[in-house]
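See below for the structure under consideration.
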Amino acid sequence: MSDPSPVLAAQWFDGRSSRARPARVQLLPAPDGTRLQLRTLDGAGETLDLTHKQVGWPERWSAGRAPPRVAVDLGAHGSLQIEDVAGWQAALAQVNHRSSLAERMQTRWSVLLTVLLIAGAGVWAFYRWGTPWAATQITRHVPLSWELALTQQAMKEIDRQYVKPTTLPPARQAELRAGFDKLVALIGPGLQRYPGYRPPFKLEFRSGMGPNAFALPGGTIVMTDAMVEQARAVPNTGDTALLGVLAHEIGHVEHRHTTRMVVEQGVLNVGLGLALGDVSTLVSSGASLLTGLSYRRGHETESDCYAAAMMKKAGLPTAPMADLLLGIEHQMEEKMRRGGKSANASAPVEKPEPTARRRQADWFSTHPDTVGRAERLKAGQALGCS
Ligand SMILES: [Zn+2]
């Protein structure tokens, strides 16, 4: 261990009076950080022996920016002023005074900036690559039983909060289920996205929502009565359009999009928790999380691609589902136009607030470019299909 520093002349403001008291100061190396010893020269011969923690070590300065004098905060013991700035620096160096990271960050903005940049880049890289990669690996190992349990819970919540029982006649339901089953029967190696993944597909109908359809992990797909009604009202759509919508939802199931998002959310929370040293931010995933999720645009493209491939295999056109999509969009715009803002009738039509659209509203919720999407579907393909 190094030697004590040379003695420095100082003015001590003891906090009891406003008078400066001449003193001598010496720094001493110690295992728990540099100590500061002070002895007054005004006859009283008072001494202080302060540990590293009791001293408010002044911020260091870079070369050429030395302050005129050094001020040292001694907490309850007042403060010191030292004129010999260079002597203070030399004394610190001699006792190997090591500043804490926080101290270095205060003095050296470049260090602070570097730390912030590294932290930011780390979080970003984790989000950008770490999470999707980890999620893909984990999703492969998520058992179907876990998805089915999650869906059972979610369905209860959806039934309680968002939808009502269907009013479609049983015969009509059976008719649509027969078409759905034919699509499901087409799933083979070419339309499988996870080898060995065979979820029990099930088509459910519900009312109480606008025209829509959504898929839950493990093969449950829900279509609203309004959607079925819509396909009767919009020309050139019909059941073929509804089958296209169902094929899209089957795509979400086969790609296990929801499971991936639940896993990613979990990975992200654990990762961020570890990175920030706060694991209490861990979110308990479950049915409530499931209902709050919304598909990413990439997921929609994947499902459109899937639907195009499935409809092709079934020998059915994709134009009807595109017309249905445009029909719903048109109807929504009409509703918006009639609904309000009549004072500003010439303004461009706004879509509903994205936050107001929930995960349940899959078919129509997360597709910002409906016209472009419909055009691609009409051509029997979706952009970016591999
Ligand atoms: Zn979708």
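Quick notes
- Under 10 Å, Cβ to Cβ, from residue 42 - net charge with Lys/Arg +1 and Asp/Glu -1: +1
- When the C-alpha to C-alpha distance is required to be over 18 Å, the pairs from 182/312; 156/182; 182/202 that qualify are 156/182.
- Distance (nanometres) between label positions extended 7 Å along Cα→Cβ at residue 331 and residue 124: 4.4 nm
- Sum of side-chain charges, residue 190 neighbourhood, beta-carbon under 13 Å (Lys, Arg +1; Asp, Glu -1): +2
- Neighbour-count ranking [beta-carbon atoms within 10 angstrom, fewest first] of 330, 255, 141: 141, 330, 255
- Residue 186-residue 297 FRET efficiency (beta carbon distance; Förster radius 41 Å; 0.05 resolution): 0.95
- Using a Förster distance of 30 Å, the FRET efficiency for residue 207-residue 140 (Cβ separation, nearest 0.05): 0.25
- Extension gain, residue 116-residue 229: 0.36 nm per intervening residue step, less the Cα-Cα distance, totals 35.2 nm.
- Under 11 Å, Cβ to Cβ, from residue 376 - net charge with Lys/Arg +1 and Asp/Glu -1: -1
- Estimated at 0.36 nm per residue, the fully extended path between residue 89 and residue 385 surpasses their Cα-Cα distance by 100.0 nm.
Any read-out appearing in this document is the output of simple, stated calculations on the displayed coordinates, not a laboratory observation. Computed from a predicted structure; not experimentally measured. Backbone-built Cβ (ideal geometry, glycine too); neighbour counts: all protein chains shown.
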